[in-house]
Every structure is written in C-alpha cells, then in structure tokens.
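Worksheet: one structure, shown below.
The values are calculated or read from the model by the stated rules, or taken from the named source; none is laboratory data. Small disclaimer: the values here were computed from a predicted structure and weren't measured. Cβ placement follows ideal geometry from the backbone for every residue including glycine, while neighbour counts extend to all protein chains displayed. When the accessible area is computed, the model is the full protein with side chains, heavy atoms only, and any ligands, DNA or RNA have been set aside. Shrake-Rupley method; radii C 1.70, N 1.55, O 1.52, S 1.80 Å.
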2 protein chains.
Amino acid sequence: MTISAADVKALRDRTGAAMMDCKAALAESEGDVDRAIEILRVKGQASAAKREGRGTSEGVIASYVHANDKVGAMVEVQCETDFVARNEDFNAFAYEVALHVAATAPRYVSAEEIPEEEREAEKRVFEEKAREDGKPDDVVEKIVAGRLAKWAKEVALLDQPHVNAEKHDSKTIEELRQELAAKTGENVRVARFAYFRVGEGD
Amino acid sequence: MTISAADVKALRDRTGAAMMDCKAALAESEGDVDRAIEILRVKGQASAAKREGRGTSEGVIASYVHANDKVGAMVEVQCETDFVARNEDFNAFAYEVALHVAATAPRYVSAEEIPEEEREAEKRVFEEKAREDGKPDDVVEKIVAGRLAKWAKEVALLDQPHVNAEKHDSKTIEELRQELAAKTGENVRVARFAYFRVGEGD
C-alpha cells in the first residue's frame with residue numbers, strides 16, 4: 001500500500017515523532033492510524049530508556065533575573081552534542097527552567113537529591129502534627145506519606161509544574177524535559193541550578 | 001573669602017567627592033587646593049570606616065552568560081537602601097562583577113573565606129616544591145609566603161584586578177567596590193556569587 005504525505009504529516013502532528021518514523025509506523029500498521037501511534041509509543045519508550053543512560057557533556061548555561069533585580073536564577077542544562085546545545089528548542093527550555101527557578105525557589109533538582117536526614121526530620125514533624133490531631137496510627141501513616149510526597153514536590157525542581165501553566169499545559173519540568181529529549185533525540189539533563197534573592201546572601 | 005563654582009567643580013573632578021563637601025573643604029582650607037584634597041581624604045576615610053560597619057539589606061542580583069552560552073555567573077551585591085540599589089553606577093558595578101566572575105572563575109568572595117585546611121594544604125605543596133629546589137629554610141619561608149599570597153589572589157574575587165583592565169584602570173574588584181561606596185555614600189558588599197561552566201555540573 002502507499003502512504004500519503006498528508007497521512008504522515010497528520011500522524012506527525014499528533015505524536016511529534018520524526019517524519020521517517022511516522023512513515024515507517026504507518027507502513028507497518030498498513031495505514032491504521034491508532035496502531036501506528038501505538039508502534040511509535042513503544043518505539044519512543046525504548047529510545048527514551050536508551051537515551052537516559054547516555055552521557056551529557058555538552059549543553060548551555062542560562063540565567064534569568066526578575067525585572068525588579070531582587071531575584072535571579074542560573075541553570076546548567078546538558079545534552080549530548082554541541083549541535084543540540086545550539087538548538088532553539090533546547091535553549092528555550094533552558095531559559096524557561098531558569099525563569100521557573102527564579103519564581104519558585106526549589107532546593108533540589110530531583111526528589112532523590114533530598115538528604116535522608118532532611119526527609120526524616122520533615123517526616124517527624126508531619127507525624128507529630130497528625131498525632132496531635134488525634135488520628136489513629138494507620139491514618140497517621142497515610143497522611144504522612146501524602147504530606148511527604150507533596151513536600152518533595154515543593155522542594156524538587158523536576159516534580160514541579162512549570163510556573164507558566166498556560167504556556168506549558170501544566171506540565172512539570174520533568175515532562176517538558178522528556179518531550180525535549182524525544183524531540184531532539186538526545187538525553188537532556190538539568191544538571192544544577194543556583195537561586196539568589198537579595199538579602200539571603202551571607 | 002568666596003569660593004568660585006569653577007574651583008569647586010575642579011576639586012570635584014579631581015577627588016570625586018560631593019559638591020557640598022568640596023565647597024566646605026575649600027572654605028576650610030581658604031582656597032588652598034592641596035589642603036582641601038587632604039581634608040577630603042581624611043573625611044573620606046572616616047566615612048568609609050563608618051560605612052563598612054553598616055547593615056546591607058538591599059541590593060541587586062546580576063547575571064552574565066558568555067556569548068557561547070557555555071559559561072555563566074550570577075552575583076548578589078548589597079547596599080543599604082533601595083534608592084542606591086536602583087542607582088545606575090551600582091547596577092553597572094554588579095554587572096561588571098558578574099562579567100568578571102564568568103571570565104576568571106574565582107572560588108571565594110574574599111581571601112578570609114578560604115578554609116584553613118585548604119590554605120594549609122596549599123602551603124604544604126609550596127613548601128615541598130621549594131625544598132625540592134634545594135632552597136635553605138629561611139628562603140623557603142619567604143618563597144612560600146609569596147606564593148600563598150599570589151594563590152589567595154587567584155581564588156579570591158575581591159583581590160583580583162578586573163578582567164577588563166583598560167576600562168577599570170587595572171583596579172581590583174575591592175578598589176572598585178570602595179570607589180562605589182564613596183560615590184553612593186553607602187556600604188557596598190559583594191555578598192556571594194555562583195559560577196557555572198557546562199560539563200562541571202554533577
């Protein structure tokens with residue numbers, strides 16, 4: 001069977017996958033669009049898993065200082081090649097992450113970076129509070145787990161929905177990162193950030 | 001005697017002191033320009049000493065990312081009032097410090113911030129090297145002291161001559177800071193900085 005250019009474009013618009021991949025998926029599914037989407041999704045997850053392990057030695061530094069000059073942020077976003085580091089979407093992402101950091105002042109890149117003692121200290125506070133409210137043990141456990149998860153999102157950059165929810169469809173920084181990785185075909189890492197607010201320096 | 005506006009302006013151009021201070025100094029020195037400069041200097045040192053102790057809760061965040069997007073810096077420069085924080089010279093200084101940090105990658109704001117263990121470790125390396133060169137003890141001591149002072153300047157921001165030597169007459173960041181403090185009449189502090197280079201993040 002022949003696959004029309006219009007079909008390929010329609011599939012591309014729906015999935016964001018590369019033109020060649022869309023064409024191959026439609027050929028494999030014999031023109032069945034839903035099946036082609038499934039093929040692309042499986043393939044996409046496989047390549048995402050492969051990407052995540054790859055080294056990132058290139059990238060950019062981006063900064064954002066709020067209009068009042070009282071708050072600023074700087075980020076390092078890494079990728080695999082200098083080619084992608086010059087890519088417009090990649091640079092837009094780095095800028096949007098810097099802007100987001102300036103707005104929300106996260107403390108860690110990911111929840112895994114939260115030191116164990118800090119997590120334990122937070123847990124104890126939540127536990128005491130739940131017990132003071134007179135909750136039974138099993139309920140306390142559930143409440144604490146929920147509060148800890150919520151707290152981790154507050155301090156971990158990747159888990160936060162981008163502050164400009166309208167522009168980014170309420171997606172988290174991690175979701176935007178994954179999309180960019182799929183689009184560029186490279187592993188993308190938010191390596192670190194700095195957040196400064198006037199008066200908080202020593 | 002009467003002090004002409006031209007004399008006041010000439011003294012101001014030479015010293016950078018405020019118009020009113022120049023006028024008062026010329027009146028006190030009865031028109032003797034050299035004596036007026038001395039009066040201003042003594043007065044300037046007295047007010048500088050007073051300024052240094054004053055609290056700085058206002059200021060700005062400034063950032064600079066090198067044109068290749070591979071290197072960036074962010075600084076917090078503090079002053080006493082929001083009025084000075086909006087001052088053009090103050091903001092220019094903050095920007096010039098960020099640019100300088102991006103160019104030289106200092107590790108501490110001032111030499112006093114260098115941890116004692118790090119200084120000791122550096123000292124041992126210099127000592128061993130001087131002994132290997134077969135220098136006698138008293139010479140080793142002198143060489144080590146000289147190398148340590150040189151090294152401290154390499155890692156401490158305030159001790160470094162601004163990277164744009166032509167624009168800043170080879171003045172150090174500390175000298176530029178003192179000038180700005182005298183000009184604005186407020187204590188000025190470089191509170192902290194961050195330096196990012198692509199690939200150096202975890």
(request) Starting from the range A:95-202, pick out the trypsin sites (Lys or Arg not before Pro) whose DSSP state is loop and whose Cβ has at most 15 other Cβ atoms within 10 Å. (result) A:Arg107, A:Lys167, A:Lys171
(message) Once you keep just the Cα pairs under 8 angstrom separated by 6 or more residues, what percentage relative contact order results for chain A?
(response) 25
(message) If the reach is capped at under 27 angstrom between alpha carbons, list the lysines near A:Lys129, excluding any in the same chain fewer than eight residues apart.
(response) A:Lys142, A:Lys150, A:Lys153
(message) Taking amide H atoms as placed 1.01 Å from N in the peptide plane, list the residues 5 or more away in sequence, or in a different chain, whose amide H sits under 5 Å from that of A:Ala191.
(response) A:Glu76, A:Val77, A:Gln78
(message) If you fit an axis through the alpha-carbon atoms of helix A:88-104 and take the longest principal axis of the Cα set of chain A, what angle between them do you get, 0 to 90°, nearest 10?
(response) 20
(request) Using a 1.4 Å probe and counting only protein heavy atoms, arrange B:His162, B:His66 so the residue with the most accessible area comes first. (result) B:His66, B:His162
(message) Per residue, how large is the accessible surface of the protein assembly as shown? Use a 1.4 angstrom probe and give square angstrom.
(response) 57
(message) Amide H of A:Thr172 versus every other amide H placed in the peptide plane: which residues, excluding those fewer than 5 positions away on the same chain, fall under 5 Å?
(response) A:His162
(request) Any chance you could list P(r) for the protein assembly as shown, counting all Cα-Cα pairs in 20 angstrom bins from zero, rounded to whole %? (result) 20, 39, 29, 11, 2, 0
(request) Quick one: what are the phi-derived ³J(HN,Hα) couplings along the range A:122-132, Karplus 6.51/-1.76/1.60 with θ = phi - 60°, whole Hz, x for glycine and proline? (result) 4, 4, 4, 4, 4, 4, 4, 5, 5, 5, 4
(request) Please report the buried accessible area for the interface of B with A, total over both chains, probe 1.4 Å, in Å² to the nearest 100. (result) 2400
(request) Calculate one ³J(HN,Hα) per residue across the range B:49-63 by plugging θ = phi - 60° into the Karplus curve 6.51 cos²θ - 1.76 cosθ + 1.60, and present them in order as whole Hz with x for glycine and proline. (result) 4, 5, 4, 4, x, 7, x, 10, 10, 10, x, 9, 9, 10, 9
(request) Determine ³J(HN,Hα), in whole Hz, for all residues of the range B:41-47 in sequence, where each value follows from phi through the Karplus function 6.51 cos²θ - 1.76 cosθ + 1.60 and θ = phi - 60°; x replaces Gly and Pro. (result) 5, 4, 4, x, 5, 5, 6
(request) Using DSSP to define loop residues, name the GluC sites (Glu not before Pro) in the range A:1-97 whose beta-carbon has at most 14 other beta-carbon atoms within 10 Å. (result) A:Glu30
(request) Could you sort the residues of the range B:55-72 by number and keep only those whose accessible area is reduced by 40 Å² or more in the all-protein-chain setting relative to the chain alone, 1.4 Å probe? (result) B:Ile61, B:Ser63, B:Val65, B:Asp69, B:Lys70
(request) DSSP loop (so not H, G, I, E, B), at most 15 other Cβ within 10 Å: list which trypsin sites (Lys or Arg not before Pro) in the range B:24-87 pass both filters. (result) B:Arg54, B:Arg86
(request) May I ask you to give the average projected area over all directions of the convex hull of the Cα atoms of the range B:1-129, in nm² rounded to one decimal? (result) 13.0
